[in-house]
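Read the structure below first, then the notes.
The values are calculated or read from the model by the stated rules, or taken from the named source; none is laboratory data. It should be emphasised that the depicted structure is a prediction, and the values quoted were computed from it without experimental measurement. We place every Cβ from the backbone using ideal geometry, glycine too, and count neighbours over all the protein chains shown. Surface areas here come from the heavy atoms of the whole protein model, side chains and all, with no ligands, DNA or RNA. Shrake-Rupley method; radii C 1.70, N 1.55, O 1.52, S 1.80 Å.
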Amino acid sequence: MQANTLSGGFADPAVGSAHAFRSVMEAMARPGTIQDIEGAAPPAPLSPAMGAVLLTLCDTETPIYLAGDMDCDAARAWLAFHTGAPFVGPAHCMFAVGKWDALAPLAVYPIGTSEYPDRSATLIVECSELAASSATLTGPGIKDQATLSLPEVEAFQANRTLFPLGLDFIFTCGERLAALPRSTEVSRSSSEAIAQVGAS
Amino acid sequence: MTEYNFAYLDEQTKRMIRRAILKGLAIPGYQVPFASREMPMPYGWGTGGVQVSAAVLTPKDTFKVIDQGADDTTNAVSIRTFFQRTAGVATTTATSDATVIQTRHRIPEEPLHEGQILVYQVPIPEPLRFLEPRESETRKMHSLEEYGLMHVKLYEDISRHGHIATSYAYPVKVEGRYVMDPSPIPKFDNPKLGDMAAIQLFGAGREQRIYALPPYTQVVSLDFEDHPFEASKADHPCGMCGATDSYLDELIIDDLGGRMFVCSDSDYCEARQATGHKGKDAA
Ligand SMILES: [Zn+2]
């Protein structure tokens, strides 16, 4: 077992995860806002924000799917030691972890049932940037509208049509995160729409 | 070191509650099942709200507890003290200073702001329960949006009383989808549920349900075209502070049946009196 498997958890797990949860909750309650989240130092390729989210929400009761590059010995060992979560395939996960392209196709994840729409997966997407740009968001939690750099638009529009079923998303980047619950309506920002029209 | 877990609950329980809160925020108005734990206070004292507060509090929070609008009831004081000891939070009675407010049966008069969280204690989370005792059936009704019986019940009120007699726990529809019980707040408070800047979380301990309203969520009180919803209150000004816009409690003030109307939100009333507002019964 490598030394960094044992390190990198919250210095004070109870207080560290309490603060981290508030960041996650604010992000989920206010889609598009970018929140700071600190206190975790997982091995690469997990970002500090990704590590903090997983430490805060995962344990032996939450099967995790590691997609693409995230499915490596370092990540598996660190998560096994700090959370005890079992690793599963995408169809049985409660949390999926990966870069956007590696997480596709979205149709394989649990979206809940009509009587229990909460029995659905949350996808935690590692992003190379997180900014208030590219996509326009409206819906619960958003006063007028918000903007967020989403990897694409169509997948989130399709997910919204499933409501109240569907997937929820957390985007992590460095020590920051944002979220997009299934309730959010997503459209391309008008400036980008114009750029697309100009390009065609 | 402290003899308690941080905020009393163990980490695994808090994680489970936190996951339920996130699902609740993602599906506004939907009741998320959770495995409620025993708390060192009797049911009816708000073990659902206490568990939700335990899952959201950090030591940086300033915590307020109101019981029917008052900060000084045994219930409110005991919950406030509980989290002061177990979570190391600061406490306050001032609505605007609090970051987390746990409430039983009221929404503060003062508009809440971003950065605040309102945690409701809920006795019966299922708005359809009085129509249908079986959980399997009410769950099916929610999944199919079968809310016709709910409207029939409200309409029976109108034919019997000339108006909708339900004055507490008045049902609402959230974002045009789920019918939700707002907990036994007076219907006077219903208009504050929608478009609120704060996060609203609802915890029912005995019934093991958590649900939520993100900020700026559309919340509509059920009504009929010919009988629109009315946020009624006693038609008096507050006897202590003169407020005409607050929800009032009626107090018996002497053996001769003398009565007085006072703001149920004691922080609101005291703050008004402190800035010179005076009602007709003020000394
Ligand atoms: Zn008053």
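Within the range B:19-39, the set of residues being of a type in the set (D, E, K, R) and surrounded by fewer than 24 Cβ atoms within 10 Å (Cβ to Cβ) comprises B:37, B:38. Can you pull out the residues in the range B:226-283 that are β-branched (Val, Ile, Thr) and more than 26 Å from residue B:191 (Cα to Cα)? Selection gives B:252, B:253, B:275. As a summary of the residue check, residue A:116 satisfies the conditions (1) of a type outside the set (Gly, Ala, Ser); (2) open to solvent by 60 Å² or more (accessible area, probe 1.4 Å); (3) more than 15 Å from residue A:183 (Cβ to Cβ); (4) within 12 Å of chain B (Cβ to nearest Cβ) except for the one numbered (2). Counting only helices (runs of 4 or more DSSP H) wholly contained in the range A:1-104, the ones carrying 2 or more residues that are touching a Gly at 6+ places or on another chain (Cβ under 8 Å) occupy A:13-29, A:48-57, A:73-82, A:100-103.
Criterion applied to B:109, B:114, B:132, B:145 was being modelled with pLDDT of 95 or more, of a type in the set (Asp, Glu), outside the structural domain of residue B:32 (by the TED database) and open to solvent by 20 Å² or more (accessible area, probe 1.4 Å), and the one residue passing it is B:145. In the condition set (1) within 14 Å of chain B (Cβ to nearest Cβ); (2) small (Gly, Ala, Ser); (3) more than 24 Å from residue A:58 (Cβ to Cβ), residue A:135 is compliant with all but (1). Within the range B:70-88, is there a residue that is of a type in the set (Val, Ile, Thr), more than 26 Å from residue B:217 (Cβ to Cβ), open to solvent by 40 Å² or more (accessible area, probe 1.4 Å) and not assigned by the TED database to the domain that holds residue B:175? No; the residues of the range B:70-88 include none that is of a type in the set (Val, Ile, Thr), more than 26 Å from residue B:217 (Cβ to Cβ), open to solvent by 40 Å² or more (accessible area, probe 1.4 Å) and not assigned by the TED database to the domain that holds residue B:175.
Inspect all residues belonging to the range B:40-48 and state whether any of them is open to solvent by 10 Å² or more (accessible area, probe 1.4 Å) and free of Cβ contacts under 8 Å to residues at least 24 places away in the same chain. Within the range B:40-48, one or more residues are open to solvent by 10 Å² or more (accessible area, probe 1.4 Å) and free of Cβ contacts under 8 Å to residues at least 24 places away in the same chain. Restricted to the range B:190-283, the set of strands (runs of 3 or more DSSP E) holding at least 1 residues that are within 16 Å of the ligand (Cβ to nearest atom) and over 23 Å from the mean Cα position of the chain (by Cα) comprises B:259-263. On inspection, residue A:172 does not qualify as at pLDDT 95 or above, open to solvent by 30 Å² or more (accessible area, probe 1.4 Å), polar (S, T, N, Q) and closer than 22 Å to residue B:21 by Cα. Cβ-Cβ distances below 9 Å connect the following pairs, each with a first residue in the range B:241-267 that is not assigned by the TED database to the domain that holds residue B:187, a second residue that is among the aliphatic types (A, V, I, L, M) and assigned to a helix (DSSP H, G or I), and a separation of six or more residues or different chains: B:241/B:271.
The one condition from (1) touching a strand residue (DSSP E or B) at 6+ places or on another chain (Cβ under 7 Å); (2) within 14 Å of another protein chain (Cβ to nearest Cβ); (3) open to solvent by 20 Å² or more (accessible area, probe 1.4 Å) that residue A:156 does not meet is (3). For the range B:236-248, filtering for residues that are open to solvent by 60 Å² or more (accessible area, probe 1.4 Å) and in contact with a Phe, Trp or Tyr (Cβ under 9 Å, 6 or more places away or on another chain) leaves 2.
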